[in-house]
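I have placed the structure first, in the form of structure tokens, so that the comments after it can refer back to it.
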């Protein structure tokens, strides 16, 4: 993606993540798995706000939220309250959302967290709050041209955590890296399935030096966040260059046209008339509760990356790439059980496989390959059975067909040639065809690389480089001695 001038840019993110690991909604017993259900069938009086219905807090939701808070280095207050955020909009049938608030006596679920980027820069996360998801709106066209709006309340009441950063990002690239790290943490915690459409949504607040803050709402995926922010920087710079003031407003990201569209002037906090939710008592989170949650947490990405470096002798960069997605890290560990060279294995997964997946827009789950495919590939290269270059030919065929690399190597004749008799006869041919190159190599040791290159070209890289190098230098030494 084009990297533009980001001087004076300030960006903050608000990430909404559904806790899809839970069987029921946040304040009622309706199933949380609403996908594929007919509209407005996965509902009950509580989640659609029928008068007289009373919310009951989902205890597991509190536990899973605590896991996220600890993983993001938050402080968890001992007492939390729920508030009503009042607004009139069709996605919330009762005209208010049960959420949390950090002013006027309100206490969010957690405060003062952070994530550290690869550069060492710490991104502050001001708060995390536990709340219910609104319903889902759909349109009979684009937002601008739609004549009808449809509301599906199946999603209403699903458990959300809202993670709000400080405006610490100075570029869209930093925001994308933060979101990648956040998604890795959520995957390792197994609290959310990020592959489900709508399970993670992001709002971005962006301002330029001296300008007003603009909010871009409901960006559907992390990769779209970077695109939306890059567009908004360009739009705001263009307005400023023409002497037009940037208005404080809320805008929508149109993924198809890749532009932001004005929705409304930005609401202020007082517009929502926050007040405590009278139907829910304050919740006490004891130190013992927090300690018990911490003991039961799985290994986090940063810890896992350090273990990969220690146990498998991977580079820091390779380890970080592998833990970026839990599925890839799990795949590597399973493959390592069958591999004699974990470093070689890590390189294939972190470099070659990632390049292929990015180029063709595929995921690891879509491939026909098992961890044993890559273990066998790494073993063949590390043992000298095939060269790294020849292995790439088998790698491409392996991705296309799902066949094992050794079978492909044997069929295509990719195995390394280490027969000294064959290599010596080939050297005779190369020397006779390139007498001037031989003379150059006799005078300058660096010139020997040309002769070695000719041997590799003639065998399509299949000759064992160590064998070829030794025999060529022996032949040159013999030639020098005969003079």
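Just so you know, all these numbers are worked out from the coordinates, no wet-lab data involved. Quick caveat, the model's predicted, so the values are computed rather than measured. Every residue, glycine among them, receives a Cβ derived from its backbone with ideal geometry; neighbour counts consider all protein chains shown.
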* Just from the alpha-carbon atoms, what are the Rg and Dmax of the stretch 32-105 in angstroms? -> 15.2, 41
* To do: Sort 292-305, 88-101, 369-382 for me by packing, meaning the mean count of neighbouring Cβ atoms within 10 Å per residue, highest on top.
  => 369-382, 88-101, 292-305
* To do: Apply 1/(1 + (r/R0)^6) to the Cβ-Cβ distance of residue 343 and residue 78, taking R0 = 51 Å, and write down the FRET efficiency to the nearest 0.05.
  => 0.65
* Column: log10 I(q)/I(0), Debye, Cα scatterers of the stretch 301-412, q = 0.18 Å⁻¹ -> -0.85
* Asked: Over the stretch 12-150, with a single point scatterer placed on each C-alpha, what log10 of the ratio I(q)/I(0) does the Debye formula yield at q = 0.14, 0.17, 0.19 1/Å?
  -> -0.80, -1.07, -1.23
* Could you tell me the distance between the Cα centroids of the stretch 405-437 and the stretch 46-82, to the nearest Å? => 67 Å
* Structure fact -> Rounded to the nearest 500, the 222 nm mean residue ellipticity computed for the chain from DSSP H runs (n ≥ 4, each -39500 (n - 2.57)) alone is -12000 deg cm²/dmol
* Scale the Cα Rg of the stretch 208-251 by the rule-of-thumb value 2.2 N^0.38 Å and send over the ratio, two decimals. => 1.19
* Structure fact -> Cα-only Rg/Rh for the stretch 137-291 with Kirkwood Rh rounds to 1.00
* **Where Rh is the Kirkwood radius over Cα pairs, Rg/Rh for the chain** => 1.11
* Rounded to the nearest 0.05, what FRET efficiency do residue 466 and residue 41 have when you use their Cβ-Cβ distance and R0 = 56 Å? -> 0.25
* Please report, in Å, the Rg and the Dmax of the stretch 147-197, where both are computed over Cα atoms only. => 15.1, 42
* Asked: Which value in nm describes the separation of the simple spin-label points at residue 94 and residue 263, placed 7 Å from the Cα toward the beta carbon?
  -> 2.2 nm
* Structure fact -> Over all pairs of different Cα atoms in the stretch 333-483, the reciprocal of the mean inverse distance gives a Kirkwood radius in Å of 17.2 Å
* Rank these for me by crowding, 16, 114, going from fewest to most other beta carbons within 10 Å. => 114, 16
* Rank-order 327-336, 187-196 by packing density, defined as the average count of other C-beta atoms within 10 Å over each peptide's residues, highest first. => 327-336, 187-196
* Structure fact -> One point scatterer per Cα, no solvent, Debye formula: log10 I(q)/I(0) for the stretch 10-293 at q = 0.09 Å⁻¹ comes out as -0.43
* To do: Sticking to Cα atoms, compute the Rg of the stretch 286-359 to one decimal and its Dmax as the biggest Cα-Cα distance, whole number, in Å.
  => 14.7, 49
